[in-house]
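K.L.:
Have a look at the structure that comes next, please.
The values are calculated or read from the model by the stated rules, or taken from the named source; none is laboratory data. Predicted, not measured: the structure shown is a model, and the values here were computed from it. Glycine also receives a Cβ, built like all others from the backbone with ideal geometry; neighbour counts cover every protein chain displayed. Ligands, DNA and RNA are excluded from the accessible area calculation, which covers all protein heavy atoms including side chains. Shrake-Rupley method; radii C 1.70, N 1.55, O 1.52, S 1.80 Å.
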Amino acid sequence: MASNSNPDPNSTEEAHKSLRHSLLGPSLLKAGQDRVNQQKVGEIIYNASKGSKFFKHEERRDEQLTKRIEGILKRKKELEALDLSVYVKKVDEQIAALEASRDLSQTIVHVDCDAFYASVEELDRPELKEVPMAVGGGVLTTCNYKAREFGVRSGMAGYIAKQLCPHLIFLPLNFEKYGQKAEEVREVLAKYDPRYEAGSCDEAFLNITKYLEEHPEMTPDTATEQIRAEVFAHAKITVSAGIAPNARLAKIASNQNKPNGQFRIQPTVDAVRTFMSTLPVRKVNGVGRVFERELQAIGINTWGDVHPLRHLLQPLFSEKLASFLLNCHLGLGRTHVHPVDEYERKSIGTESTFSDLRGPDPLRAKLRSTAVELEKDLANAELKGRTVNLKVKLHTYEVYTRQKALGRAICTAEELYNAALPLLAGLEVEFRPLRLRLMGLRMTQLVDANRGPGRLEELFKNAGTAGAGKRKRERDDEGWEVWPEEEFTQMKAASGEQEEDILLLSQHEVVDSDEEEGEETSAAAAAAAEVAVNSKNANAPEQAPEEERWPCPICTRMLPAEDALFNEHVDFCLSRETIKEAVKGSSGPPDPPEKVQQHQQQEKRPRKIYHIPLMP
DNA sequence: TACATACAC
DNA sequence: AATGGTGTATGTA
């Protein structure tokens, strides 16, 4: 680009400083990445990413965050001009109350497997211990410590890892294997605390207070050493552990001497507060890349830095956030642990990434296969849901969600598809042409599948017995960690289903006058045809009509080709439960609204003529 | 309730 | 050329 508006490349580089840091990834401080040349790694990642859609998206986000931070700084400046003694007094009272509630009586241990998947793979192939190795494909799930020396990290794109470490060995995921191994680890943990709390497959909290009482010859340190030794003897993998008077500190401590080490934070106010005073904010669970930057901007780098600014937290952040910051500063955290199956699940969903998907039929095929997946998961969990949530990621990486509360709980693929299709159709109207790299469906407002239909169940929800939606995690442990199948198989499956769906849709042939945007128009048409099966008046002549009219993508009614009217009608169709009516086979869509509502949405939407042929 | 964002793992 | 899936919490309107 000769006409670069920015003649000095260094100023761009300067502006990208925070972006570079962000690109280093979420597991920067938490992966035990000391003695890696982060400068150099950052350079490689930056250059390897530059120009990609992903990079551009990150760039936009970084700019947005920069703006937000400017706002925070401005508010901070305004605040500092005021008399803040009231705030100081109030927050000091709050701190005193928190301090009074401090409980140092419990001994909590956090056990964390070292590079878990990679370690399990090394058991089968010990020669891999000597070389850099990663598990996962397009994005790395984890990698061994040899690989970490190169700056390779979990969550990193595979091709970037390869640039950092050309000899990196990639292994595919093998969930059954990891699941078995996790079970072996847990067998040991249960002996020390039968009510241990398994966070995910490779970590758990234990409360060993009782165990220590029953074994007075042991100290927290020796007990933990014994746990780790026993895990190694039994499962042949190494774990790290943190010992502390609460879960938050234990979690941080377990990272302190990784791998294969342990660390204790003594249960005294002094020890705890001293430990926190120099601890980087990012080390605490809940502080990620974004919050770290915000805190750093106002001068909080370590938890000790909170104190001089304590009176600004409340006015600068939300109540909850301010309280969170104070709790961290003081080194407070929960002192109880319990099995996870005592939690109530709040949502269940599935999503998948694919390469640039567009066009009505492929998008519908994907929606259908997603619905089928969700149906399986719902059946397994014995759940139904009363709200559907459609998530899409555009090819630009922008994420949008659209949700709809249904009158009743649903669980079949058919119901899910029908409920979500209008949401998809709405997005197609909003973003024409709709090009996706991800689609997901999620159900919320869960109810027990075995518990009577829909809403009535709510009346009994608190009336006794095991609460609805309270599920044991039996085979859920298989679902274990995180990174499921490769996109590869995904795409294959999708194209298979696609054929099916195209067949299904082929009855509504779509004729379009414009080759370039044929897909979008047919998208809307297909949505319309599919939803409003029984709709009358849905058909237009096969030639372009003289008076331009567009069909509503929801109810298929032909409407005057005028943006305001058209949009208003679409909004109406989307907002009311017209879809349900149409599908149920009522005589037709309701009339458009008489009232004119103001909508800021979509005046940018282009105009297209749809020709919807007669139904067979 | 609807939607977005941040986060963990 | 190329950057994941599942679930939670929270803020805002």
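K.L.:
Run through segment A:343-386 and list the GluC sites (Glu not before Pro) located in a DSSP loop whose Cβ has at most 12 other Cβ atoms within 10 Å.
P.N.:
Answer in residue order: A:E344.
K.L.:
How far, in nm, would the chain grow between A:T401 and A:A233 when pulled straight, counting 0.36 nm per residue and subtracting the alpha carbon separation?
P.N.:
55.8 nm
K.L.:
In Å, the Kirkwood hydrodynamic radius of segment A:48-162 over pairs of distinct alpha carbons?
P.N.:
19.5
K.L.:
Using +1 at the Cβ of each Lys and Arg and -1 at the Cβ of each Asp and Glu in segment A:150-206, identify which of A:Y192, A:Y178, A:G151 lies farthest towards the dipole's positive end.
P.N.:
Going by the Cα projections, it comes out as A:G151.
K.L.:
Give me the number: length gained by fully extending A:R435 to A:E319, i.e. 0.36 nm times residue separation minus the C-alpha to C-alpha distance, one decimal in nm.
P.N.:
Using 0.36 nm per residue and subtracting the Cα-Cα distance, I get 37.8 nm.
K.L.:
Just the accessible area for A:I160, please: 1.4 Å probe, Å², rounded to the nearest 10?
P.N.:
10
K.L.:
Just to make sure I understand: if all protein chains stay in place, what is the order of A:H21, A:H234, A:H16 by accessible area at 1.4 Å, largest first?
P.N.:
A:H234, A:H21, A:H16
K.L.:
Quick one: 3J(HN,Hα) in Hz for segment A:260-270, Karplus 6.51/-1.76/1.60 with θ = phi - 60°, rounded, Gly and Pro as x.
P.N.:
6, x, 9, 8, 10, 9, 5, x, 10, 4, 4
K.L.:
Right, something else. Can you give the extra length, in nm with one decimal, that the chain gains between A:Q39 and A:E176 once fully stretched, where that is 0.36 nm per residue apart less the Cα-Cα distance?
P.N.:
Going from the current span to full extension adds 45.5 nm.
K.L.:
Okay, next question. Once you have the alpha carbon radius of gyration of segment A:199-257, what is it after dividing by 2.2 N^0.38 Å, with N set to its residue count?
P.N.:
Relative to the 2.2 N^0.38 Å estimate, segment A:199-257 comes out at 1.12.
K.L.:
Also, I was wondering about something else. Scan around A:L279 for amide H atoms under 5 Å from its own, H built in the peptide plane at 1.01 Å from N, and keep only partners 5 or more places away or cross-chain.
P.N.:
Residues meeting the criterion, in which the H sits 1.01 Å from N, are A:W303, A:G304.
K.L.:
With all protein chains present, how much of the accessible area of segment A:114-187 (probe radius 1.4 Å) comes from carbon and sulfur, to the nearest whole percent?
P.N.:
54
K.L.:
What figure in square angstrom, to the nearest 10, would you give for the accessible area of A:H336 with a 1.4 Å probe?
P.N.:
The accessible area of A:H336 comes to roughly 100 Å².
K.L.:
Mind listing the Cα extents of segment A:228-375 along all three principal axes, in Å, largest one first?
P.N.:
Principal extents (Cα only, largest first): 63, 51, 30 Å.
K.L.:
How large is ³J(HN,Hα), in whole Hz, for each residue of segment A:54-64 in order, when computed from phi with the Karplus curve 6.51 cos²θ - 1.76 cosθ + 1.60 and θ = phi - 60°, using x for Gly and Pro?
P.N.:
These are the phi-based 3J(HN,Hα) values: 4, 4, 4, 5, 4, 4, 4, 5, 5, 5, 4 Hz.
K.L.:
With the cut-off at 22 Å, report for segment A:131-253 the share of all Cα pairs above it, as a whole percent.
P.N.:
Counting every Cα pair in segment A:131-253, those more than 22 Å apart make up 47 percent.
K.L.:
Which loop GluC sites (Glu not before Pro) in segment A:206-287, with loop taken from DSSP, have no more than 16 other Cβ atoms within 10 angstrom of their Cβ?
P.N.:
Those that pass, being in a loop and sparsely packed, are A:E217.
K.L.:
Here's another thing I want to ask about it. Please identify the trypsin sites (Lys or Arg not before Pro) of segment A:166-202 that satisfy two criteria: DSSP loop assignment and at most 15 other Cβ atoms within 10 Å. Which are they?
P.N.:
Taking segment A:166-202 and a limit of 15 other Cβ atoms within 10 Å, the loop trypsin sites (Lys or Arg not before Pro) found are A:R195.
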